[in-house]
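> One structure is given below, represented as structure tokens, and several questions about it will come after.
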Amino acid sequence: MVDVTHGAAGPLSAAEVEDVELYHPKSWITTYVFSQDAKIIAIQYSTVALSIGLVALVLSWLMRLQLGFPGVFSFIDPDRYYQFITMHGMIMVIYLLTALFLGGFGNYLIPLMLGARDMVFPYVNMLSFWIYLLAVLVLVAGFFLPGGPTGAGWTLYPPQAILANTPGQQWGIIVMLVSLILFIVGFTMGGLNYVVTVLQGRTRGMTLMRMPLTIWGIFTATVMALLAFPALFVGAVMMLLDRLIGTSFFMPAIVTMGERLAHKGGSPILFQHLFWFFGHPEVYIVALPAFGIVSDLISTHARKNIFGYRMMVWALVAIGALSFVVWAHHMYVSGMHPAFGFFFATTTLIIAIPTAIKVYNWVLTLWRGDIHFTVPMLFALGFIVTFVNGGLTGLFLGNVVVDVPLSDTMFVVAHFHMVMGVAPIMVIFGAIYHWYPKVSCRMLDDTLGKLHFWVTFLGAYLIFFPMHYIGLMGVPRRYHEIGAMAFIPPSVATLNAFISVVALTVGAAQLVFLFNLVWSLRHGREAGGNPWHATTLEWQTPQTPPPHGNWGKSLPVVYRWAYDYSVPGAAQDFLPQNQPPVPRGA
Amino acid sequence: MGVAIVLALVVIGSVVFHFLSPWWWTPIASNWHYIDDTIIITFWITGFVFAAVVLFMAYCLFRFRHREGNRAAYEPENKRLEWWLAIGTGVGVAAMLAPGLVVWHQFVTVPKDAATVEVIGQQWQWAYRLPGADGKLGASDIAHITPENPLGVDPKDPNGQDDVVIQGDNLHLQLGKPVKMLLRAVDVVHDFYVPEFRAKMDMIPGSVTYYWFTPTLAGTFDVLCAELCGTGHTFMRGNVVVEPEGQYQAWLQQQKTFAQLQAPARTQARNEAKN
């Protein structure tokens, strides 16, 4: 590791990459609206993602009102309830988490952390955002069309997704599929950009093994997304054809409500394979950027190098690769050939090993650190707790025979919310508190931030931890109301009401966060260029916020890895990546 | 300091909740206590890891919190420690996976003496078919479905004539007799789920899926659909009654066969002639 730290001390070779010709905007419109600057695009992506995320938040309140107080809110009938859960799930997974991590953080951080002036293909990058916005608008259109949005569940399983007894069959499912197709087109444009920029756009001295883990996380996730999204694309196109022109890709012979449909010979389970071939990597597409970012947050705020950097990189890559051979663990009770269970249970549990290594290394980074309890650090710690909790319950569901009683129960809902809802969102919040000063020149308010953290972290834990246990009891998910079932004691209704009250409280805490975001823009404490004393390049820009082109006259040169915190003998407890080494013996 | 205490309390609270909360699995009514055993093993291993990681973290937060003049250690790697942790994790994972796979093998291997019950799901009700005296289910197909023949039993197949058809009523099962559930759906994906049996499997239009179990506890249990199947999913309920052989046979005698249901008028006439 010493060579990684102090390497390339000698004279540097000439620039491997020519300084790029930047597009220089000439008007307000091309600077701030149809912008080709990755930083503006990042803010556009983030704003749209957070806005649509607010819609998903409101939907979650509505479904919790129904679950906690069944019958009180009569407008939440079964149709509406299913529409709420479907839209909540799809928005959170795709339009918020994927878009925010890759389109938001990816765009902002990749060029800055790598010492580039911008993305490699700025024009395509701009198109990527506008197509994403169009996808969001098409998705939202579902709320206003006759019949409303689809209520097929976020997994959109056929045949029910396109049949008459599912809400939104008329228009909702069509706009959902079209929106997904658009999203994938837009994402592919952005994704190719991120990959090429990471591979080709790094400044001098920034070797792959000196990149911050944030970039490794975003890079690996993007490669995975480019490989996984096509499966969803294909599935969406085929289902659209089944719905619109009566093909039978996913539709076998069916009698519904006494009527024989014209479909024949299709396979419902084929869709499930396509969906989860995308859907499982998708979990890690959301998780890996979070892994990367949280590594940097912990390292910076514990003033200590990330422990086991090389192992961390290889664990990311291993998780990325393995995540392509575990998809059918979502289908243990789907009726696929039972022999698959042996294979997918084994691969699924193996993936726990690199994941556990990452957890150990985060925790070992704290060991003998100098831990500052800043708001980003609090969120990073909250991430570790919720991720460990949610990851461990994954070992129940991944172990095929244990999944049999638990699948389709509230246990699953609790598990995936903890591991890919709460945990990555903790990182998003931590990252916003961390990088907001770079974007705005001002710090977010600390007191409000701590209030936001404690309510969100403890509240989310109170919501989802007990939920596992009613799932273990057999309480099914996707039920509009539990009703009278002999095996469910009345105490479950009490717990559901409790969970709903906590969920509304946690939701309210997000409004505090939004207020903080807006208020601090004007009234926040002045931040300066590097308020956290961080080593990575984005904090070393000549101006804050970084202007168009990021670096002024000349690009930074990188001399060391991203984690030179508390280096023995150094005057400060951090050495920026672009700080030249002191000659030995000097 | 406060953070460390809160994290320790999260662990303590979770453990206390685990042992004291009133919410736990339903009393088991099938042979799948092996599944419950595997869940218990998994709870112990994962619970230990959760407590160990979070408590260690809490300790670090307390011990290495920032104080004036503190400086972090510089330790990029520790190969030995990293490998030992990876190997230890591998052992823990194997300890959960191995029993899991053994039990899965049992779960997918149907005993030869298992009785057969066909379950048919359609929005939003359950129907059942039992092989009659010949022990064989007749062929069935979506194409044969009519209002009089809602399960689509092939009217020309002699094996199907004595099949017992149960519609709009509870299924009864014989206590202690292994049963293979053959699962069919005619419209969308459903899932026949009885929490006390621990087993479930989706039923897919166009194919036949299955699972098996042995009912080990007499009583009446809730049946619910476990796969989202449209607006009425919540209301796709039923009951299954597990009873000793004598009572089961008595119930079975009262059920109607496919042939009887197909020609109710004719059968009725014949019965009247006999009297």
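The values are calculated or read from the model by the stated rules, or taken from the named source; none is laboratory data. These numbers come from a predicted model, not from an experiment. Don't worry about glycine lacking a Cβ; one is built from the backbone with ideal geometry, like all the others, and counts go over all protein chains shown. These area figures cover heavy atoms from the full protein model, side chains too; ligands, DNA and RNA do not enter into them. Shrake-Rupley method; radii C 1.70, N 1.55, O 1.52, S 1.80 Å.
> Looking at B:Ala58 and the list (1) of a type outside the set (Asp, Glu); (2) under 30 Å from B:Leu171 (Cβ atoms); (3) more than 9 Å from every other protein chain (Cβ to nearest Cβ); (4) open to solvent by less than 50 Å² (accessible area, probe 1.4 Å), which single condition is not satisfied?
(2)
> Continuing with this model, one more query. Touching a Gly at 6+ places or on another chain (Cβ under 7 Å) and either assigned to a helix (DSSP H, G or I) or surrounded by 17 or more Cβ atoms within 10 Å (Cβ to Cβ) (or both), is that true of A:Thr447?
The answer is no for A:Thr447.
> Continuing with this model, one more query. Can you report the number of residues in the stretch A:518-541 which are assigned to a loop (DSSP other than H, G, I, E, B) and more than 12 Å from A:Gly115 (Cβ to Cβ)? So that I can check it myself, show each step before the final result.
Restricting attention to the stretch A:518-541, the residues satisfying the condition of being assigned to a loop (DSSP other than H, G, I, E, B) are A:524-525, A:527-536, A:541.
Those left that are additionally more than 12 Å from A:Gly115 (Cβ to Cβ): A:524-525, A:527-535.
Counting residues in the stretch A:518-541 that are assigned to a loop (DSSP other than H, G, I, E, B) and more than 12 Å from A:Gly115 (Cβ to Cβ) gives 11.
Here's the yes/no breakdown for (1) free of Cβ contacts under 8 Å to residues at least 40 places away in the same chain; (2) farther than 18 Å from A:Ile52 by Cα; (3) out of contact with any Lys or Arg (no Cβ under 7 Å at 6 or more places or on another chain); (4) buried (at least 20 other Cβ atoms within 10 Å of the Cβ):
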{"position": "A:Pro158", "(1), (2), (3), (4)": "no, yes, yes, yes"}
{"position": "A:Gly186", "(1), (2), (3), (4)": "no, no, yes, yes"}
{"position": "A:Thr197", "(1), (2), (3), (4)": "no, yes, yes, yes"}
{"position": "A:Gln200", "(1), (2), (3), (4)": "no, yes, yes, no"}
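> Tally time: how many residues in the stretch B:170-199 are more than 28 Å from A:Leu163 (Cβ to Cβ) and of a type in the set (D, E, K, R)?
Final tally of qualifying residues: 4.
> Check off (1) surrounded by fewer than 23 Cβ atoms within 10 Å (Cβ to Cβ); (2) on the phi > 0 side of the Ramachandran plot for A:Gly308 and give me the number that stays unchecked.
Only one criterion is unmet by A:Gly308, namely (1).
> Out of curiosity, is A:Thr456 under 29 Å from A:Gly335 (Cβ atoms), in contact with a helix residue (DSSP H, G or I) (Cβ under 6 Å, 6 or more places away or on another chain) and either modelled with pLDDT of 95 or more or surrounded by fewer than 24 Cβ atoms within 10 Å (Cβ to Cβ) (or both)?
On the way: under 29 Å from A:Gly335 (Cβ atoms): no; in contact with a helix residue (DSSP H, G or I) (Cβ under 6 Å, 6 or more places away or on another chain): yes; either modelled with pLDDT of 95 or more or surrounded by fewer than 24 Cβ atoms within 10 Å (Cβ to Cβ) (or both): yes.
It is false that A:Thr456 is under 29 Å from A:Gly335 (Cβ atoms), in contact with a helix residue (DSSP H, G or I) (Cβ under 6 Å, 6 or more places away or on another chain) and either modelled with pLDDT of 95 or more or surrounded by fewer than 24 Cβ atoms within 10 Å (Cβ to Cβ) (or both).
> Same structure, new question: Given the structure, is B:Ile28 closer than 26 Å to A:Thr494 by Cβ and either at pLDDT 95 or above or not in a loop (DSSP other than H, G, I, E, B) (or both)?
Working: closer than 26 Å to A:Thr494 by Cβ: yes; either at pLDDT 95 or above or not in a loop (DSSP other than H, G, I, E, B) (or both): yes.
Criteria met by B:Ile28.
> Within the stretch B:136-149, does at least one residue satisfy the condition of being within 27 Å of A:Val402 (Cβ to Cβ) and open to solvent by less than 40 Å² (accessible area, probe 1.4 Å)?
No, there is no match, as no residue in the stretch B:136-149 is within 27 Å of A:Val402 (Cβ to Cβ) and open to solvent by less than 40 Å² (accessible area, probe 1.4 Å).
> Kindly indicate whether B:Thr116 is within 14 Å of another protein chain (Cβ to nearest Cβ) and either open to solvent by 20 Å² or more (accessible area, probe 1.4 Å) or at pLDDT 95 or above (or both).
Considered against the rule, which asks whether it is within 14 Å of another protein chain (Cβ to nearest Cβ) and either open to solvent by 20 Å² or more (accessible area, probe 1.4 Å) or at pLDDT 95 or above (or both), B:Thr116 comes out as no.
> Further, regarding this structure: Look at B:Ile40 and say whether it is part of a loop (DSSP other than H, G, I, E, B) and more than 9 Å from every other protein chain (Cβ to nearest Cβ).
No.
> Okay, moving on. Out of everything in the stretch A:408-444 that is among the small types (Gly, Ala, Ser) and open to solvent by less than 10 Å² (accessible area, probe 1.4 Å), what residue ends up being nearest to B:Ile35 (Cα to Cα)?
Among them, the one singled out is A:Ala414.
> Further question on the same structure: Six or more apart or on different chains, Cβ atoms under 8 Å: show the pairs whose first residue is in the stretch A:535-547 and under 13 Å from A:Trp435 (Cβ atoms) and whose second is of a type in the set (Asp, Glu) and part of a helix (DSSP H, G or I).
Once the first residue is under 13 Å from A:Trp435 (Cβ atoms) and sits in the stretch A:535-547, its partners that are of a type in the set (Asp, Glu) and part of a helix (DSSP H, G or I) give A:Thr536/A:Asp296; A:Pro546/A:Glu538.
> With respect to A:Ser295, is the statement that it is touching a strand residue (DSSP E or B) at 6+ places or on another chain (Cβ under 9 Å) and not in a loop (DSSP other than H, G, I, E, B) true? Spell out how you get there, then give the answer.
Details: touching a strand residue (DSSP E or B) at 6+ places or on another chain (Cβ under 9 Å): no; not in a loop (DSSP other than H, G, I, E, B): yes.
Here the answer is no, as A:Ser295 does not meet what is asked.
> Now for a separate question. What number goes with the only condition from (1) modelled with pLDDT of 95 or more; (2) over 23 Å from the mean Cα position of the chain (by Cα) that A:Arg117 does not pass?
(1)
> Residues in the stretch A:70-90: is at least one under 24 Å from A:Gly483 (Cα atoms), under 20 Å from the mean Cα position of the chain (by Cα), part of a helix (DSSP H, G or I) and of a type in the set (Val, Ile, Thr)?
Yes - at least one qualifying residue is present in the stretch A:70-90.
> Sort through A:Trp519, A:Trp532, A:Trp551 and tell me the only one that's more than 10 Å from chain B (Cβ to nearest Cβ) and at pLDDT below 95.
Just a single option satisfies the conditions, and that option is A:Trp551.
> Turning to a different aspect of this structure: Just to confirm my filter: which helices (runs of 4 or more DSSP H) fall fully inside the stretch A:307-387 and include at least 1 residues that are of a type in the set (S, T, N, Q)?
Counting at least 1 such residues, we get A:340-350, A:352-366.
> Okay, next question. Pick out the one residue from A:Leu226, A:Leu240 that is assigned to a helix (DSSP H, G or I), out of contact with any Cys (no Cβ under 9 Å at 6 or more places or on another chain), open to solvent by 20 Å² or more (accessible area, probe 1.4 Å) and under 29 Å from A:Ser295 (Cβ atoms). Outline the logic, then answer.
Values: A:Leu240 fails: under 29 Å from A:Ser295 (Cβ atoms).
Of the residues listed, the single one that is assigned to a helix (DSSP H, G or I), out of contact with any Cys (no Cβ under 9 Å at 6 or more places or on another chain), open to solvent by 20 Å² or more (accessible area, probe 1.4 Å) and under 29 Å from A:Ser295 (Cβ atoms) is A:Leu226.
> Considering only residues of the stretch A:376-393 that are open to solvent by less than 10 Å² (accessible area, probe 1.4 Å) and among the small types (Gly, Ala, Ser), which is nearest to A:Phe429 (Cα to Cα)?
Once the filter is applied, the top-ranked residue is A:Ala380.
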